[in-house]
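Engineer: This is the structure, below, for whatever I ask next.
The values are calculated or read from the model by the stated rules, or taken from the named source; none is laboratory data. Because the structure is predicted, anything quoted here is derived from the model rather than measured. Note: ideal-geometry Cβ built from the backbone for every residue, glycine included; neighbour counts use all protein chains shown.
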Amino acid sequence: MSAEIIDGKALSASFREQIAQEVAQFKAESQVVPHLTAILVGDDPASAVYVRNKERACEKAGIQSTLKRLPAETTEAELIDLVQQLNADPEVHGILVQLPLPKHINETAILDIVNPLKDVDAFHPENVGLIVQGRPRYLPCTPYGIQQMILSTKMETGGKHAVILGRSEIVGKPMAMLLIQRGVGADATVTICHSRTQNLKEIVRSADIIIAAIGQPEFVTADMVKPGAIVIDVGINRVDGKLVGDVAFESVKEVASAITPVPGGVGPMTIAMLLKNTLAAARILTG
Ligand code: GUN
């Protein structure tokens, strides 16, 4: 049996179409144009591509987007200054600071001063706390997109074992919070594995849902996957000029019931959820 390929591009396109309709309706009712401002510091080529994709998606959905490009030598104080200006600007609803930041800038210090109401990434501690308490304001874009992909498979997640590979603040930890919440597309039993986990292969083999977010090319192999599991690949690794995920796609697709490709899987869904959050921010700030 070959797995269903979860087409992130197609799913993202249908979400974006729906969001574009909601944006048009919101604009007509409020006379307000939802506005996302992204900050890109330095010239990391991968970050430049992500930010460009986000800008394009905003434009297509009728959301205004502004990119603030700053040189790699920007100081922490200068960046704080810019974030504070955007916090105070009533015409900016969403603020996205593209990560990673250059090493001389303390990421936490920056993310902590973003106005939580404009924090469409849901990285601010207030927003993280609300997620942990099961009353989220915004859901972090990648876990939110993954939850929608799992829902698209129609697999019942209640009581299932979800194993997350990776304990990052952006994916692993918030993903666990979403999956243990009560409700549809959640109610799972969650294990987070990381670089110090013992018996990792055995744990992954017991998973009904595998979420691979460790940044190691083709780490998850077919022998680690229970037949019928759903496999979500968050990895984006460049190997010999080619993009590969954290999952050995060709062999794992013969064992899994559903699997996401790289590219064209999780990435496009992350962007769709960012648009959703930006519209939500515009509603919150103007409501
Ligand atoms: N870098 C990698 N993923 C993300 C993301 O979801 N948001 C931001 N701001 N930066 C990132």
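Engineer: Being surrounded by 13 or more Cβ atoms within 10 Å (Cβ to Cβ), within 19 Å of the chain's Cα centre (by Cα), away from the ligand (no atom under 16 Å from the Cβ) and part of a helix (DSSP H, G or I) narrows it down to one of A13, A57, A48, so name that one.
Structural biologist: The conditions single out A13.
Engineer: I would also like to ask the following. Somewhere in the stretch 99-118, is a residue within 25 Å of G287 (Cβ to Cβ), small (G, A, S) and at pLDDT 95 or above?
Structural biologist: Looking for residues that are within 25 Å of G287 (Cβ to Cβ), small (G, A, S) and at pLDDT 95 or above, one finds none in the stretch 99-118, hence no.
Engineer: How many of the residues in the stretch 16-45 are loosely packed, with under 12 Cβ neighbours inside 10 Å and within 16 Å of V92 (Cβ to Cβ)?
Structural biologist: The number of residues fulfilling the criteria is 0.
Engineer: Could you say whether any residue in the stretch 146-154 is free of Cβ contacts under 8 Å to residues at least 24 places away in the same chain and within 16 Å of the ligand (Cβ to nearest atom)? Explain how you work it out, then say what you get.
Structural biologist: Here is the first cut: in the stretch 146-154, the ones free of Cβ contacts under 8 Å to residues at least 24 places away in the same chain are 154.
Checking the rest, the ones that are also within 16 Å of the ligand (Cβ to nearest atom) come to none.
Looking through the stretch 146-154, none of the residues is free of Cβ contacts under 8 Å to residues at least 24 places away in the same chain and within 16 Å of the ligand (Cβ to nearest atom).
Engineer: OK, next. Out of all the residues in the stretch 133-154, which are over 14 Å from the mean Cα position of the chain (by Cα), part of a loop (DSSP other than H, G, I, E, B) and either of a type in the set (S, T, Y) or modelled with pLDDT under 95 (or both)?
Structural biologist: T153, the sole residue that qualifies.
Engineer: Any residue in the stretch 91-106 that is in contact (Cβ under 8 Å) with a residue 40 or more places away in the chain and of a type in the set (D, E)?
Structural biologist: Within the stretch 91-106 (the criterion being in contact (Cβ under 8 Å) with a residue 40 or more places away in the chain and of a type in the set (D, E)), the answer is yes, since at least one residue qualifies.
Engineer: Output the residues belonging to the stretch 134-145 that are touching a residue at least 12 places away in the same chain (Cβ under 8 Å) and more than 16 Å from the ligand (Cβ to nearest atom). Please lay out each step first, then the result.
Structural biologist: Just the residues of the stretch 134-145 that are touching a residue at least 12 places away in the same chain (Cβ under 8 Å), to begin with: 134, 136-145.
Passing the criteria: G134, R137.
Engineer: Continuing with this model, one more query. Output yes when any residue across the stretch 109-132 is in a helix (DSSP H, G or I), near the ligand (Cβ under 10 Å from one of its atoms) and not charged (D, E, K, R), and no when none is.
Structural biologist: Step one: list which residues in the stretch 109-132 are in a helix (DSSP H, G or I), which gives 109-111, 116-118, 125-132.
Right, trim to near the ligand (Cβ under 10 Å from one of its atoms) and you get 111.
Narrowing the set further to residues that are not charged (D, E, K, R) leaves 111.
Yes, the stretch 109-132 contains a residue that is in a helix (DSSP H, G or I), near the ligand (Cβ under 10 Å from one of its atoms) and not charged (D, E, K, R).
Engineer: For the condition more than 15 Å from the ligand (Cβ to nearest atom) and either surrounded by fewer than 16 Cβ atoms within 10 Å (Cβ to Cβ) or not acidic (D, E) (or both), what is the one hit in E91, E169?
Structural biologist: E91
Engineer: Tell me which residues, restricted to the stretch 235-252, are closer than 20 Å to K160 by Cα and either surrounded by fewer than 24 Cβ atoms within 10 Å (Cβ to Cβ) or under 20 Å from the mean Cα position of the chain (by Cα) (or both).
Structural biologist: none
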